[in-house]
Structures are given as C-alpha cells and as structure tokens.
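Participant: The structure is given below, and queries will be raised subsequently.
The values are calculated or read from the model by the stated rules, or taken from the named source; none is laboratory data. Predicted model only: the values in this text are computed from it and were never measured. Cβ atoms come from the backbone with ideal geometry, glycine included; neighbour counts cover every protein chain shown. For accessibility, only protein heavy atoms count, side chains too; no ligands or nucleic acids. Shrake-Rupley method; radii C 1.70, N 1.55, O 1.52, S 1.80 Å.
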Amino acid sequence: MLLLFFLHILYFSHAVFIDKYRDYKDYKYYELTGSREGLENLRKFMLNIDESLIHSESLNKSEIILSPHLVTIFSEAVKKENLKVNVLHNDISEIIRLEKVNARRRIKKFSWNAYYDVNDIHQFILNTTKVNPEWTELIIAGKSYEGRKILGLRINTPYENGQRETGKPVFFIESGIHAREWIAPATTTYFINQLLTSRDPDITRLRDQFDWRIFPTVNPDGYHYSYNVDRYWRKTRSISSNGCRGADPNRNWDYNWGQHSASSRPCDYQLYAGSKPFSEIETRTLSKYISSIDNLLFYVAFHSYASLLLLPYSDSLEHVDNYDDLVQIGQRSIEYGSRVNGQKYDGPGTAAETLYKASGGSMDWVRYALKTRLVYTYELRGSSFHWPPEKIPEQGDEVVQMMLGLADGAKELGYY
C-alpha cells in the first residue's frame, strides 16, 4: 500500500511538472531588417514593455519571438522605426511540440536522432569511460547552483607501449553555456563518439595529436530547465536578491564585465550579467579548472545559431596580435566543414565586426587572462535555436571536419 502511495505521488509530481512546460502557443517569430539604430530602438522599447522578450541580433538584422498580446504594439513600433518584417513562424509552439514528440520516441540507447536531458548526457560520458578505459577519463570542472557536476571527458590516447602521453597540447571544448542552444551539446557528444569510434585515418590522427578536455554542457541547470520547463531559457538558475532567476553565464566572466550587450537587471530574461564577475558558481569553478590546465593550445566554444566563426575580442574592433593567424586557421576550418554538406560558415571575424559587441564571455577571458593563443567560438547552424534532431549527424560531421581544419591549420603555422 505504501509503495502504491509512493508511485501515485511520483506520477502526480511528474504530471504536474510536465503541465508546467511552457508551450509558447501562438507566439510569433519575426525577422527584422533595417538600420542598426532602428533595430536597437525597437529592442529597447520592447524590453521596457516585457523583460522576458526573446531576441537575437546581428549588425543589420534582429529576430524576436513575441507573445500574441504584444503584436499590435510591436507592429506600431516597427512602422515608427521604418523596419522590414518577415514572419518566420506564425506559431513557434508547433516546433517545440515536435521536439517533445521526438524526445518521447527516442530509443533507450544514446543516439543522435533526438535531444537528451543533462542526466542522459552525463550517463553517456560515464559509459564512454567504461567502454574506453585506456583512452578516457572522467573529469569534473566544477558544479552548478543546483548541485549538478560540470562533467567532461578527457581523451588522451597512449603510446604504442601503453603509456599515457602527458606532453600533448591540450584541446579544450566548451559547449552548452547557453541553455537553449541544444544543438551544441548534441554535436559535442557526436564529436566525442567520432573521435573514439571512427576508423577514418584523418579522425584518428586528430584524436591522437591532442590531450582532449571536452565538456558537452557547462550550464547543466539551465539546460535541464530548458529541456523540461522553458525551451528558450538561456541563463543559469541562481536566485538574485529580488527573487529573479539566473544570469547569462557568457556575460559573467571577468573580462570587461558588464560593458556591452549585458544587462544589470536580474529579471532580464537573457542578458543579466550577474551581480559581479564570476558571481555564478558555474563560471567561477569552470574558470579555476581551465586555469589549472598546462599546455592549453586550443579553446573552442560551441553556440548556435548564426553559422559563423568568431574570434577574440568580442567587444572590440581592435585585433589581437596573432589575428591574421587566427583568420588563416579559421578559414581552413570553415573550408573543411563546407566539404561535408556544401554549407559554408561566415567569418572568421570578431563579434564586434560581424554580430554585435559583447563583453564578459568565456572565449575572451581565456584569451586575456590565460594568454591562450588559439581561441574560437563556433555559432552552429539552425533556425530560432532549433535544429531537426534527425539531422544532428549532419552538423556533427561538419564539426568533426572543422576541428580537423583547425588542427591542420595550426600545425601548418607551427603552433605545435
């Protein structure tokens, strides 16, 4: 009887949790083009009305997901700023619904035709270390506000005599810092699988050249919340003094913190930079782990969805001293990736030049604080933070080739 009562409570709790999933029924998705000033005026105007506005920007284009009750106000503001509007989705909830249907249909074995919650991703990493104990090692780079581990995988193949090589250059991959960018963790686990299972000599060569430290989801609380409650959640899940939740973990690093594309308002749905640099336990503990790595050569971050390769610094038009090398290596990476599906990324260039100025990001901090020479951020492909789950391998194969392009380009220029 007690067991039946427990199961009833468990079922009821699960049902309530599912009922709370935000479906975004009748929310429209707009693309806006026009002057930079007009786009910025519109964004500020709409944020003053609704701090939970979902938006993304580039130099001459903005995209906004809008509640139906704001459509009239929005239309009037668009006219005032003389902007052009294109409706990308009349009801974004349909895309979200299809994602959830696909998740329920997924097979038990971890695969790349569905998106998985953070516990499944962590289990994949753990299982990988069990299957490949001689090559892999479980690594913990920190923890989250809700107590989850920032779990990663180290891949370091041994010499022929079985001894683990310790002097290889380190290739660090950070993924999923923005919770709603689901394709980033998915392609990262795909990349891990390819490194460990592919017999392609180019991929095995790539694997064997580096000491890999790969973290598929460095914002595990946010990702879990996005997966289960609010698809467009971007931030962490910490609680501010006024009760609002989360900070943008890619505006929380101690490099020019709070200066560009950042908000000081804790209730800002997207861009709250935190109360101070490294206020978030995720960024604070992750930065300490990264600082402890010797021989760090590459730092790569995966985001979505601009189909773009970014270089430091994100908030400046001035170039770092090896900018030309970064461009040359990046161009090799883009060219390798384009061979897979004929899709060519834009860039490489700084965010300030290609998107917008942004401060407090991980890539810029790693470059500035640790003097890491080769740092890149990949904005993967997609539409409104969505990518069809059955096509995850398509982007996964592109990522594999783009990482190979980075390695080949850096070797050609004598970085290792």
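Participant: Got at least one residue in the stretch 188-204 being more than 18 Å from Glu398 (Cβ to Cβ), touching an Asp or Glu at 6+ places or on another chain (Cβ under 7 Å) and open to solvent by 10 Å² or more (accessible area, probe 1.4 Å)?
Facilitator: No, that holds for no residue.
Participant: Report whether or not Asp321 is more than 17 Å from Glu174 (Cβ to Cβ) and open to solvent by 20 Å² or more (accessible area, probe 1.4 Å).
Facilitator: For Asp321, the condition - more than 17 Å from Glu174 (Cβ to Cβ) and open to solvent by 20 Å² or more (accessible area, probe 1.4 Å) - is met.
Participant: Taking the condition at pLDDT 95 or above and within 25 Å of Ile139 (Cβ to Cβ), does Ser287 pass?
Facilitator: It is true that Ser287 is at pLDDT 95 or above and within 25 Å of Ile139 (Cβ to Cβ).
Participant: I need the full set of residues from the stretch 22-65 which are within 21 Å of Ser314 (Cβ to Cβ), in contact (Cβ under 8 Å) with a residue 40 or more places away in the chain and in a loop (DSSP other than H, G, I, E, B), in order please.
Facilitator: Scanning the stretch 22-65 gives Ser58, Leu59.
Okay, residues lined up against (1) over 15 Å from the mean Cα position of the chain (by Cα); (2) within 24 Å of Ile140 (Cβ to Cβ):
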position: Arg237; (1), (2): yes, yes
position: Glu280; (1), (2): yes, yes
position: Phe302; (1), (2): no, yes
position: Ser307; (1), (2): no, no
position: Pro312; (1), (2): yes, no
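Participant: Here's a follow-up. Mind listing whichever residues of the stretch 89-112 are modelled with pLDDT of 90 or more and not in a helix (DSSP H, G or I)?
Facilitator: Of everything in the stretch 89-112, those that are modelled with pLDDT of 90 or more and not in a helix (DSSP H, G or I) turn out to be His89, Asn90, Asp91, Ile92, Phe110, Ser111, Trp112.
Participant: Restricting to the stretch 198-228, name every residue that is under 15 Å from Ala186 (Cβ atoms) and either aromatic (Phe, Trp, Tyr) or without any contact (Cβ under 8 Å) to a residue 24 or more places away in the chain (or both).
Facilitator: Phe215, Tyr223, Tyr227
Participant: Could you say which residue among Tyr232, Tyr255, Tyr223 is within 14 Å of the chain's Cα centre (by Cα) and surrounded by fewer than 22 Cβ atoms within 10 Å (Cβ to Cβ)?
Facilitator: Of the residues listed, the single one that is within 14 Å of the chain's Cα centre (by Cα) and surrounded by fewer than 22 Cβ atoms within 10 Å (Cβ to Cβ) is Tyr232.
Participant: Determine whether Thr204 is part of a helix (DSSP H, G or I), closer than 26 Å to Leu355 by Cα and among the β-branched types (Val, Ile, Thr).
Facilitator: no
Participant: Within the stretch 113-132, how many residues are at pLDDT 95 or above and either open to solvent by 40 Å² or more (accessible area, probe 1.4 Å) or closer than 19 Å to Ser292 by Cα (or both)?
Facilitator: Going through the stretch 113-132 one residue at a time, the tally reaches 7.
Participant: Considering only residues that are open to solvent by less than 60 Å² (accessible area, probe 1.4 Å) and in a helix (DSSP H, G or I), which ones fall in the stretch 366-375?
Facilitator: Across the stretch 366-375, the qualifying residues are Val366, Arg367, Ala369, Leu370.
Participant: Scan the stretch 62-79 for residues that are surrounded by fewer than 16 Cβ atoms within 10 Å (Cβ to Cβ) and touching a helix residue (DSSP H, G or I) at 6+ places or on another chain (Cβ under 8 Å) and jot them down.
Facilitator: Residue satisfying the conditions is Ile73 alone.
Participant: Something else: Restricting the search to the stretch 166-185, which residues are closer than 22 Å to Ser111 by Cβ and either open to solvent by 10 Å² or more (accessible area, probe 1.4 Å) or assigned to a strand (DSSP E or B) (or both)?
Facilitator: Result: Ile173, Ser175.
Participant: Within the stretch 361-397, can you find the residues that are touching a Pro at 6+ places or on another chain (Cβ under 7 Å) and of a type outside the set (A, V, I, L, M)?
Facilitator: Listed by number, the residues that qualify are Asp364, Arg367.
Participant: Something else about it: Within the stretch 271-354, which helices (runs of 4 or more DSSP H) (wholly inside it) include 3 or more residues that are out of contact with any Asp or Glu (no Cβ under 6 Å at 6 or more places or on another chain) and under 19 Å from Trp257 (Cβ atoms)?
Facilitator: Hits in the stretch 271-354: 281-291.
Participant: Let me ask something else. Quick check on my filter: what residues within the stretch 376-400 are surrounded by fewer than 20 Cβ atoms within 10 Å (Cβ to Cβ) and in a helix (DSSP H, G or I)?
Facilitator: Selection gives Glu390, Lys391, Pro393, Glu394, Asp397.
Participant: Output the qualifying pairs, or none if there are none: Cβ atoms under 6 angstrom, residues six or more apart or on different chains, first residue in the stretch 104-133 and of a type outside the set (Phe, Trp, Tyr), second residue open to solvent by 60 Å² or more (accessible area, probe 1.4 Å) and outside any loop (DSSP other than H, G, I, E, B).
Facilitator: Here the result reads Asn113/Glu390; Thr129/Leu138, each pair linking the stretch 104-133 to a residue that is open to solvent by 60 Å² or more (accessible area, probe 1.4 Å) and outside any loop (DSSP other than H, G, I, E, B).
Here's the yes/no breakdown for (1) touching a residue at least 12 places away in the same chain (Cβ under 8 Å); (2) touching a Lys or Arg at 6+ places or on another chain (Cβ under 8 Å); (3) open to solvent by 10 Å² or more (accessible area, probe 1.4 Å):
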{"position": "Lys276", "(1), (2), (3)": "yes, no, yes"}
{"position": "Ile281", "(1), (2), (3)": "yes, yes, yes"}
{"position": "Ser291", "(1), (2), (3)": "yes, no, yes"}
{"position": "Pro312", "(1), (2), (3)": "yes, yes, no"}
{"position": "Gln328", "(1), (2), (3)": "yes, no, yes"}
{"position": "Gly342", "(1), (2), (3)": "no, no, yes"}
{"position": "Thr350", "(1), (2), (3)": "yes, no, no"}
{"position": "Glu353", "(1), (2), (3)": "yes, no, yes"}
{"position": "Asp364", "(1), (2), (3)": "yes, no, no"}
